[in-house]
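What follows is a set of notes on a single structure, which appears directly below.
The values are calculated or read from the model by the stated rules, or taken from the named source; none is laboratory data. Model, not experiment: these values are computed from the prediction. Cβ: placed from backbone, ideal geometry, glycine included. Neighbour counts: every protein chain shown. Ligands, DNA and RNA are stripped out before the accessible areas are found, and what is left, the full protein with its side chains, is counted by its heavy atoms. Shrake-Rupley method; radii C 1.70, N 1.55, O 1.52, S 1.80 Å.
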Amino acid sequence: MKSHTVYRTFNTERRREFVRITEDVQQAVDDSGVSEGLALVSAMHITAGVWVNDDEPGIQADALEWLDKLAPATWQEPPNDVARELLPDGGDYRHHRGGEDNGDAHLKNLLVHHQVILPVTDGRLDLGPWQAVFYCEFDGRRDKRLVIKVLGD
């Protein structure tokens with residue numbers, strides 16, 4: 001069995017961003033020499049994810065809107081000591097008590113998940129006709145890594 005590992009570093013301009021990486025994953029498969037196997041693609045940070053979906057701006061905007069409804073990115077100073085004691089209040093997260101402001105990004109990671117496993121057949125990613133692979137950033141503007149590991153024969 002062959003094994004090939006590639007690391008990518010991302011530093012997005014926006015806090016939330018989808019970055020198409022299908023071609024990067026296929027390049028890792030090509031470089032691996034694997035004809036039949038699997039490609040694991042995993043974000044190495046708890047505020048990012050990996051997603052397989054249509055490369056269409058509308059679905060990406062819809063997904064971010066849906067994620068924001070489930071995990072809104074709000075941060076508000078508690079209005080008083082009682083509210084401070086009973087956080088979360090008004091969308092605040094307990095994670096923010098330590099001075100962070102990315103509690104929503106951690107929850108978005110749980111919803112999208114941090115990794116995918118993709119089949120490799122005849123040396124190609126075996127994706128559906130509209131499927132593409134994306135690195136999903138939910139707390140960007142700093143260096144974050146992703147690992148691609150290709151295994152097979």
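See the values below:
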item	result
Residue in the range 87-104 that is open to solvent by less than 90 Å² (accessible area, probe 1.4 Å), at pLDDT 85 or above and closer than 30 Å to Asp31 by Cβ present	no
Residues of the range 36-59 that turn out to be touching a Gly at 6+ places or on another chain (Cβ under 7 Å) and open to solvent by 50 Å² or more (accessible area, probe 1.4 Å), as a count	2
Elements of type strands (runs of 3 or more DSSP E) in the range 1-45, at least 2 residues being in contact with a Leu (Cβ under 6 Å, 6 or more places away or on another chain) and over 14 Å from Val120 (Cβ atoms)	none
Any hit, the range 53-74, residues being modelled with pLDDT under 95, more than 25 Å from His113 (Cβ to Cβ) and not in a loop (DSSP other than H, G, I, E, B)	no
Residue match in the range 60-71 (condition: open to solvent by 40 Å² or more (accessible area, probe 1.4 Å), closer than 17 Å to Asn109 by Cβ and touching a residue at least 24 places away in the same chain (Cβ under 8 Å))	yes
Identity of the residue in the range 129-146, in contact with a helix residue (DSSP H, G or I) (Cβ under 7 Å, 6 or more places away or on another chain) and assigned to a loop (DSSP other than H, G, I, E, B), that ends up nearest to Gln26 (Cα to Cα)	Phe138
Residues (closer than 24 Å to Arg14 by Cβ and either without any contact (Cβ under 8 Å) to a residue 40 or more places away in the chain or among the hydrophobic types (A, V, I, L, M, F, W, C) (or both)) located in the range 115-139	Val116, Ala132, Val133, Phe134, Cys136, Phe138
Residue within the range 20-28 that is within 17 Å of Asp143 (Cα to Cα), of a type in the set (Val, Ile, Thr) and in contact (Cβ under 8 Å) with a residue 40 or more places away in the chain present	yes
